[in-house]
């Protein structure tokens, strides 16, 4: 196991009706003037924003609102948010929504207290300071409610890139599984797929002898396999929603990924798809993961066989472990399709003729130098072959 | 799943040579005058205390020392520590050792800033304030490095009782698995047993539909089953030590126990044994757990069958699940014996004729009112029968 540090100071408030605690939590963590940041109309129509406002009113905490976050959140709204926070003296950002809203909030929080262009952080600069952030989560997916990470798309060039720093870990996150019961099945499934991807990205490691994190990752994968079909069949299954919601946080606060190299090539390969075609990130990952894993499987057949046996219930073929490894990848593919996720380029609106452009932005855009350096180092030729496996 | 809050803000520094970061960590968390609290001579003889002091010297942080913590730490030294901290204006407690040293440090930290008798906290009063604490851990066992809990034995009456409060969660914990390589096999095994007990206490729940925490607990149990024999066979196996050390923290910071009722009857039943006979807590638990689980198994045969199949690899007897459930308990017993742990009263120096006294203190001492209220409510008759199963 490699040396590591782990720090996850977010205060989680989990369960029914917990959004009514928002005002108390903002007060506990020192907010005196809040920007409520959110996306489209659903959080307004459902009455959630009103309940959040009522809880702030009850604590006499003033607030402004900034809606309009889109899936695959854009830099334009971040700049707007930064200006607003500076002008209005905001000292606390409250994200009400999913990963896109939280990531946009993190970018605003970091950018507001930074002299330069916030995009610097998305080109590799570590985030040292930010306004405090709280979240009220409405979808189990990105894990941004417990992570130090944010992903934003820069409109000039459509670069989709990540930034990180302990300063953008939320001070608190409110997780009410009931808020996710109104999600359409497709978004629910895309969320589950994103969580599964966060687990595979950590599972695919070149560090040996990491049994505790292997086992913890497998535990969360098995939870999704058990609860995913139940929640698709009955969207109102509160307990299934709750298990998925905690799994989504645990998959990405890195408690299960410490001390080991991680992959993240699948995320990078997907980001180009959702940046160009604006598909749901999870839906893109459903197409990307089986392709990537098939392509890199021979780098460590044992690892793919292990997850196949332990998680997917495949029988070990001791003389032909590659058969078992492949069966595990096929089981993942079948599982995602069974949830209603797409299986190829066509189903997410992607086009074969765009592959050269996708590969070029992926491997050379925004400061990259020709390769992706995850579980396996992938060059342009590899990435081209991987995208072609998705046709 | 039940509503819950989860808060684990400890900064973990994990890996080789990390004890040399102690001074930097104390500085980061605001300590300006430190009490170094530790137990016997091993941390001195090994040079660990000298390395810790050197790291404090490097940051120009002054310190005093208070050694002498014993396993099953006593109230007398806590009172001494509180007096010392007040007299000397200590503002940070640094525990260098295992669970006993950390728990003693937590008691001193809470007691120093409290007007009344610190023992109030061990009679049920929640700990709201405490001096900040840091730890340098030397055994994977108690999980106190990441928990809000402390257990102390009051010398008048030999009551062994617990206290809790977020204020006593360590600000940082330094976990260097190499420091555990010099532990004798018996202490290593007792530590593994304690971790296993923390997992079973959480696993035995009356809350239904808790797949995510069930799976996470099982993951940590399987880690111990894999790594335990390896570390007993080769005490210098760093990776096995590392996996056990992270499992020990994860087993007890409660990330895997949220949203569900827990048991803790086994801990209460054991505490009377280690209080009276001064056996290692883990060794006592090795004797207690199979007895308790056999006694309460029929309360939820399915739960015991589930752990038997998923963790211990037992075959499910679908028509006779109680056979599977029992096989899982026997597998636990065999595993603990294989690590070198005791199996009955005689092997921990306990005596049948003391059972009435044990039961009386357990059920009626220090404010208790006749029953233990965990997974199954146990009265004096039940506890007598359980102790007799250990003969």
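Sorting the segments B:176-182, A:58-64, B:295-301 by their mean number of nearby beta carbons within 10 angstrom, highest to lowest, gives B:176-182, B:295-301, A:58-64. Assuming R0 = 35 Å, what is the FRET efficiency of residue B:156 and residue B:380, from their Cβ-Cβ distance, to the nearest 0.05? Once rounded, the FRET efficiency stands at 0.95.
The ranking of A:384, B:22 from fewest to most other beta carbons within 10 Å of each one's beta carbon is A:384, B:22.
In chain B, the longest principal axis of the Cα atoms and the axis of helix B:355-364 are about 70 degrees apart.
Distances, shortest first, from the label point of residue A:379 to those at the same position in the other copies read 7.8 nm; the point lies 7 Å along Cα to C-beta. May I ask for log10 I(q)/I(0) of segment B:185-388 at q = 0.07, 0.10, 0.12, 0.13 Å⁻¹, from a Debye sum over the Cα atoms as equal point scatterers with solvent left out? Here the Debye-derived log intensity ratios amount to -0.19, -0.40, -0.59, -0.70.
Beta bridges from DSSP with both residues in chain A: antiparallel share about 25 percent, rounded to the nearest 5. Under 1.5 on a/c is rounded, so check that first for the protein assembly as shown, then, if it is not, pick prolate when a/b is larger than b/c and oblate when it is not; a ≥ b ≥ c are the square roots of the alpha carbon gyration tensor eigenvalues. Because a/c hits 1.5 or more and a/b exceeds b/c, the protein assembly as shown counts as prolate. Per-residue extension of 0.36 nm, minus the Cα-Cα distance of residue A:315 and residue A:83, leaves a gain of 77.8 nm for this segment. Helix A:301-310 axis versus longest C-alpha principal axis of chain A: approximately 70°, rounded to the nearest ten.
Peptides B:309-320, B:118-129 ordered by packing proxy, namely the average of other Cβ atoms within 10 Å per residue, highest first: B:118-129, B:309-320. Using only Cα atoms, locate the centre of segment A:97-118 and the centre of segment B:178-205, then give the distance between them in Å, rounded to an integer. Rounded to whole Å, the Cα centres lie 42 Å apart.
Taking 20 °C and 1.002 mPa s as conditions, segment A:11-179 diffuses translationally at an estimated 139 µm²/s according to Stokes-Einstein applied to its Kirkwood radius (Cα pairs). Note on residue A:330 and residue A:391: the model spin-label points, each 7 Å out from Cα along the C-beta direction, lie 2.3 nm apart.
Partner shielding of A:206-213 amounts to 6, given as the average count of beta-carbon atoms from other chains within 10 Å of each residue beta-carbon. How far is the Cα center of segment B:1-57 from the Cα center of segment B:283-334, in Å? About 38 Å separates the Cα centre of segment B:1-57 from the one of segment B:283-334. Among A:387, B:79, the order by Cβ neighbours within 10 angstrom, fewest to most, reads B:79, A:387.
Among A:80-88, B:91-99, the peptide with the highest mean count of other Cβ atoms within 10 Å heads the list, and the full ranking is B:91-99, A:80-88. Here is how far apart the residue B:364 label points are across copies: 8.5 nm, shortest first, using a point 7 Å from Cα toward Cβ. Site pair residue B:33 and residue A:120 shows an inter-label distance of 4.1 nm when each label is modelled 7 Å from Cα along Cα→Cβ.
Per-residue extension of 0.36 nm, minus the Cα-Cα distance of residue A:208 and residue A:70, leaves a gain of 45.7 nm for this segment. If you fit an axis through the alpha-carbon atoms of helix A:75-88 and take the longest principal axis of the Cα set of chain A, what angle between them do you get, 0 to 90°, nearest 10? So the helix axis and the longest Cα principal axis differ by about 20 degrees. Distance between the modelled labels on residue A:186 and residue A:360, one decimal in nanometres: 3.0 nm (7 Å Cα→Cβ projection).
Shielding of peptide A:15-23 by partners, expressed as the average count of other chain Cβ atoms within 10 Å per residue Cβ, is 2. Counting Cβ atoms of other protein chains within 10 Å of each residue's Cβ and taking the mean over peptide A:218-228 gives 4. Sorted from nearest, the other copies put their residue A:83 label points 6.7 nm away, the label point being 7 Å from Cα in the direction of Cβ.
Laboratory data are not the source of any read-out in this text; all were calculated from the coordinates shown. Everything numeric here is computed off the predicted structure, so don't read it as measured data. When we count neighbours, we look across all protein chains shown, and the Cβ atoms used for this are built from the backbone with ideal geometry, even at glycine.
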